[in-house]
Amino acid sequence: MNANGKANTDAHWPAISFAVNGESRTVNVPPMKRLLDVLREDLHLTGTKEGCGEGECGSCSVRMNDELVNSCLVPVLQAEGAEIQTVEGLALDGELDPLQQAFLENGGAQCGICTPGMLMAAAQLLAHRPHPSDAEIREGLAGNLCRCTGFTRIIESVAAAARATESNPATEPALEQTNHAR
Amino acid sequence: MRGNAEMHELVAPGSLGAVLDLLAAEPGQWTPIAGGTELMVAFSAGRLNAHKLVNLWGIPDLRTIEATPQSVAVGAAATFLDLRKHAGLNAEFPLLARAASWIGSVANQSRATLGGNLVNGSPAADSSPALLAYDAEIETISVRGRRKVPYSEFHTGYKRNVLAVDELLYAVHLPRRFSRHRQYLRKVGTRRAMAIAKVALGATALLERGVVREVRLGAASLAPYPTRLKQTEAALLGQTLTRETVLAARRALLAEVLPIDDIRSTADYRRRVAVNLLEEFLLELRREGLLP
């Protein structure tokens, strides 16, 4: 928002175009405006939340060009031409994504502030590792903080969503993640 | 105070050449931004001093990993996720791949770049101990051409480095001669993810009939910038790994490091952990040396 409380969709800024949830969008905003603020203020996609504003909490996680990013750390100019998926893009025609269904059924959401980010981090993980190990789930969500659930139910929700999804053998190799001497 | 996007100019000249032209035309005026995991934090908090930024994200020449017979060159804008996913790098430079897995979280690794980690120059930089242990070389680029400096000479002080105002960090070269070396890397932090190192130590060494022929020790959070522990290395070179050698190396380390008390840890704890990491590495090395 600017000082007058209005969104900066203003023709004197350059046009920046990208796709959000499969839909082409163009905004005229300062190039340094955070993707998070463009999503919320200019595109009115308020599912994406702001927590810390410094890349520590993961509340603002979205998927951009098949990578998980903290949208609070992306100047919108760097989203030019990108394919972005937000939490609003998970459900299809009112039908919940298996991840959303699993979070509902397993108590993966309480106050809900971290939930959109958790869902996007989990969606990114499952897109690359459809049947992740417990350690992989924990690593995939390690940048997303929750102050309600104690994490266990969230991790169980992701595991349940993975079980609910048809087996897909086209999975990527696991990434090494030890912190031990060798 | 919140950062105000209208107060900061951000331009995307597109090609590497155009970026270098801009840096040369207005030296010192422009701050390069790649993945933004450092600068955007400062921006959000309203403490980003740079008012003119030039975009490096998305320039293909900078996001590469290429091998020649002598070395592997990692482009400055290769992300830590790129490093973790690169099979060749994992096989040949496992310490760097492991260091990449320490960077923040997946959402940080997808954006944070190797060059950004080095140019930012945190004393606690996750990639630095591995690069020091691998004797990496930095290649810089400007309209005046390219030059190389050993990574161990890249940092010149707290958050200071050898880059001229018109220069970019272009690539990091990893010499391909460590396959026979014993390799070690360990970080001590508060938790597994999203933690900044209290202390980290990277090491490579080569034993010949029980004698230390080569050793490189790279440390984070033990000095104002990531640094080789050259006195400690000197205490080890040409020695067999007796109890006395290990004790002498511990003393040399304590004499050359300059840790501080800060919000993450104390100087005293850092010293204690650092010598223990060193000893852990040396005992592993000795066990290895005793094998037939």
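The values are calculated or read from the model by the stated rules, or taken from the named source; none is laboratory data. Please read all numbers here as calculations on a predicted model, not as lab measurements. Positions of Cβ are generated from backbone atoms using ideal geometry, with glycine treated the same way; all protein chains shown enter the neighbour counts.
Check the range A:74-84 and report whether any residue there is within 24 Å of A:ALA15 (Cα to Cα) and of a type in the set (Asp, Glu).
We begin by selecting, within the range A:74-84, every residue within 24 Å of A:ALA15 (Cα to Cα); these are A:74-84.
Right, trim to of a type in the set (Asp, Glu) and you get A:80, A:83.
Yes, that holds for at least one residue.
Tell me, which residue of the range B:253-262 that is aliphatic (A, V, I, L, M) and in a helix (DSSP H, G or I) is surrounded by the fewest Cβ atoms within 10 Å (Cβ to Cβ)? Show your work before the answer.
Step one: filter the range B:253-262 for residues aliphatic (A, V, I, L, M), giving B:253-255, B:257-258, B:260.
Checking the rest, the ones that are also in a helix (DSSP H, G or I) come to B:253-255.
Numbers: B:LEU253: 24, B:LEU254: 15, B:ALA255: 10.
So the residue we want is B:ALA255.
Could you check the range A:77-125 and list, in sequence order, the residues that are buried (at least 16 other Cβ atoms within 10 Å of the Cβ) and either touching a Phe, Trp or Tyr at 6+ places or on another chain (Cβ under 8 Å) or free of Cβ contacts under 8 Å to residues at least 12 places away in the same chain (or both)?
A:GLN78, A:ALA79, A:GLU80, A:ALA82, A:ILE84, A:ALA109, A:THR115, A:MET118, A:LEU119
Determine which single condition B:LYS187 fails, assuming it passes every other condition in (1) under 14 Å from the mean Cα position of the chain (by Cα); (2) at pLDDT 95 or above.
That leaves (2) as the condition not met.
From the set of residues in the range A:131-166 that are away from chain B (no Cβ under 14 Å) and assigned to a loop (DSSP other than H, G, I, E, B), which is surrounded by the fewest Cβ atoms within 10 Å (Cβ to Cβ)? Explain how you work it out, then say what you get.
Filtering the range A:131-166 for residues away from chain B (no Cβ under 14 Å) gives A:131, A:133, A:147-150, A:152-154, A:156-157, A:159-166.
Filter again for assigned to a loop (DSSP other than H, G, I, E, B), leaving A:131, A:133, A:147-150, A:165-166.
Working: A:HIS131: 14, A:SER133: 11, A:ARG147: 11, A:CYS148: 15, A:THR149: 21, A:GLY150: 10, A:THR165: 14, A:GLU166: 6.
Taking the candidates together, the pick is A:GLU166.
Taking the options B:GLU284, B:GLU288, name whichever one is in contact with a strand residue (DSSP E or B) (Cβ under 7 Å, 6 or more places away or on another chain), farther than 25 Å from B:GLY189 by Cα and within 14 Å of chain A (Cβ to nearest Cβ). It would help to see each step written out before you state the result.
Working: B:GLU284 fails: farther than 25 Å from B:GLY189 by Cα.
Checking each option against the conditions leaves just B:GLU288.
When the residues of the range B:180-214 are filtered to those that are away from chain A (no Cβ under 14 Å) and of a type outside the set (Asp, Glu), which remaining residue is farthest from B:VAL273 (Cα to Cα)?
Of all residues in the range B:180-214, those away from chain A (no Cβ under 14 Å) come to B:180, B:206-214.
Imposing the further condition that a residue be of a type outside the set (Asp, Glu) reduces the set to B:180, B:206-207, B:209-213.
Working: B:ARG180: 27, B:LEU206: 24, B:LEU207: 24, B:ARG209: 29, B:GLY210: 26, B:VAL211: 25, B:VAL212: 23, B:ARG213: 25 Å.
Result: B:ARG209.
Only residues that are among the β-branched types (Val, Ile, Thr) and either in a helix (DSSP H, G or I) or surrounded by fewer than 20 Cβ atoms within 10 Å (Cβ to Cβ) (or both): list them for the range B:95-108, please. If you could, list the steps in order and put the result at the bottom.
As a first pass, look at the range B:95-108 and keep what is among the β-branched types (Val, Ile, Thr): B:103, B:106.
Across the range B:95-108, the qualifying residue is only B:VAL106.
Given the options B:GLY36, B:GLY46, name the one that is part of a loop (DSSP other than H, G, I, E, B), facing chain A (nearest Cβ under 8 Å) and touching a residue at least 12 places away in the same chain (Cβ under 8 Å). Lay out the reasoning, then the answer.
Working: B:GLY46 fails: facing chain A (nearest Cβ under 8 Å).
Residue meeting the stated conditions: B:GLY36.
For the range B:6-17: of the residues being within 14 Å of chain A (Cβ to nearest Cβ) and either in contact with an Asp or Glu (Cβ under 8 Å, 6 or more places away or on another chain) or among the β-branched types (Val, Ile, Thr) (or both), which is farthest from A:ASN70 (Cα to Cα)? Walk me through it before giving the result.
Filtering the range B:6-17 for residues within 14 Å of chain A (Cβ to nearest Cβ) gives B:6-14.
If we keep only those that are either in contact with an Asp or Glu (Cβ under 8 Å, 6 or more places away or on another chain) or among the β-branched types (Val, Ile, Thr) (or both) too, we end up with B:11-13.
Details: B:VAL11: 21, B:ALA12: 21, B:PRO13: 24 Å.
Residue satisfying both the conditions and the ranking: B:PRO13.
Given the conditions (1) assigned to a loop (DSSP other than H, G, I, E, B); (2) buried (at least 21 other Cβ atoms within 10 Å of the Cβ), and given that B:GLY58 satisfies all but one, which numbered condition is not satisfied?
(2)
Could you say whether any residue in the range B:61-71 is under 20 Å from B:SER142 (Cβ atoms) and either assigned to a loop (DSSP other than H, G, I, E, B) or touching an Asp or Glu at 6+ places or on another chain (Cβ under 6 Å) (or both)? First the steps, then the outcome.
Within the range B:61-71, the subset under 20 Å from B:SER142 (Cβ atoms) is B:61-64.
Subset that is either assigned to a loop (DSSP other than H, G, I, E, B) or touching an Asp or Glu at 6+ places or on another chain (Cβ under 6 Å) (or both): B:63-64.
Among the residues of the range B:61-71, at least one is under 20 Å from B:SER142 (Cβ atoms) and either assigned to a loop (DSSP other than H, G, I, E, B) or touching an Asp or Glu at 6+ places or on another chain (Cβ under 6 Å) (or both), which makes the answer yes.
Any residue in the range B:263-287 that's surrounded by fewer than 15 Cβ atoms within 10 Å (Cβ to Cβ): show its pairings with residues that are modelled with pLDDT of 95 or more at Cβ separation under 6 Å, as long as the two are six or more apart or on different chains.
If the second residue must be modelled with pLDDT of 95 or more, no pairs are left.
Can we say B:ALA193 is touching an Asp or Glu at 6+ places or on another chain (Cβ under 8 Å), over 20 Å from B:ALA136 (Cβ atoms) and not in a strand (DSSP E or B)? Step through it out loud before you land on a result.
On the way: touching an Asp or Glu at 6+ places or on another chain (Cβ under 8 Å): yes; over 20 Å from B:ALA136 (Cβ atoms): yes; not in a strand (DSSP E or B): yes.
Here the answer is yes, as B:ALA193 does meet what is asked.
Can you tell me which residue is farthest from the other protein chains (Cβ to nearest Cβ) among those in the range A:14-30 that are in a loop (DSSP other than H, G, I, E, B) and at pLDDT 95 or above? It would help to see each step written out before you state the result.
To start, the set of residues in the range A:14-30 that are in a loop (DSSP other than H, G, I, E, B) comprises A:14, A:21-22, A:29-30.
Filter once more, so that each one left must be at pLDDT 95 or above: A:21-22, A:29-30.
On the way: A:ASN21: 19, A:GLY22: 21, A:VAL29: 7, A:PRO30: 4 Å.
Among them, the one singled out is A:GLY22.
Take B:ALA219 and decide whether it is among the small types (Gly, Ala, Ser), loosely packed, with under 14 Cβ neighbours inside 10 Å and under 26 Å from B:ILE196 (Cα atoms).
Numbers: among the small types (Gly, Ala, Ser): yes; loosely packed, with under 14 Cβ neighbours inside 10 Å: no; under 26 Å from B:ILE196 (Cα atoms): yes.
No: the conditions fail for B:ALA219.
Does the range B:74-94 contain any residue that is within 9 Å of another protein chain (Cβ to nearest Cβ), surrounded by fewer than 21 Cβ atoms within 10 Å (Cβ to Cβ) and assigned to a loop (DSSP other than H, G, I, E, B)?
Restricting attention to the range B:74-94, the residues satisfying the condition of being within 9 Å of another protein chain (Cβ to nearest Cβ) are B:79, B:81, B:84-85, B:87, B:90, B:94.
Filter once more, keeping what is surrounded by fewer than 21 Cβ atoms within 10 Å (Cβ to Cβ): B:85, B:87, B:90, B:94.
After this cut, where a residue has to be assigned to a loop (DSSP other than H, G, I, E, B) as well, the list is none.
No: zero hits.
Taking the condition farther than 25 Å from A:VAL69 by Cα, touching an Asp or Glu at 6+ places or on another chain (Cβ under 9 Å) and modelled with pLDDT of 95 or more, does B:LEU20 pass? Show your work before the answer.
Values: farther than 25 Å from A:VAL69 by Cα: yes; touching an Asp or Glu at 6+ places or on another chain (Cβ under 9 Å): yes; modelled with pLDDT of 95 or more: yes.
Criteria met by B:LEU20.
Report yes if B:SER71 is closer than 24 Å to A:MET32 by Cβ and of a type in the set (S, T, N, Q), otherwise no. Please lay out each step first, then the result.
Values: closer than 24 Å to A:MET32 by Cβ: no; of a type in the set (S, T, N, Q): yes.
No, not satisfied.
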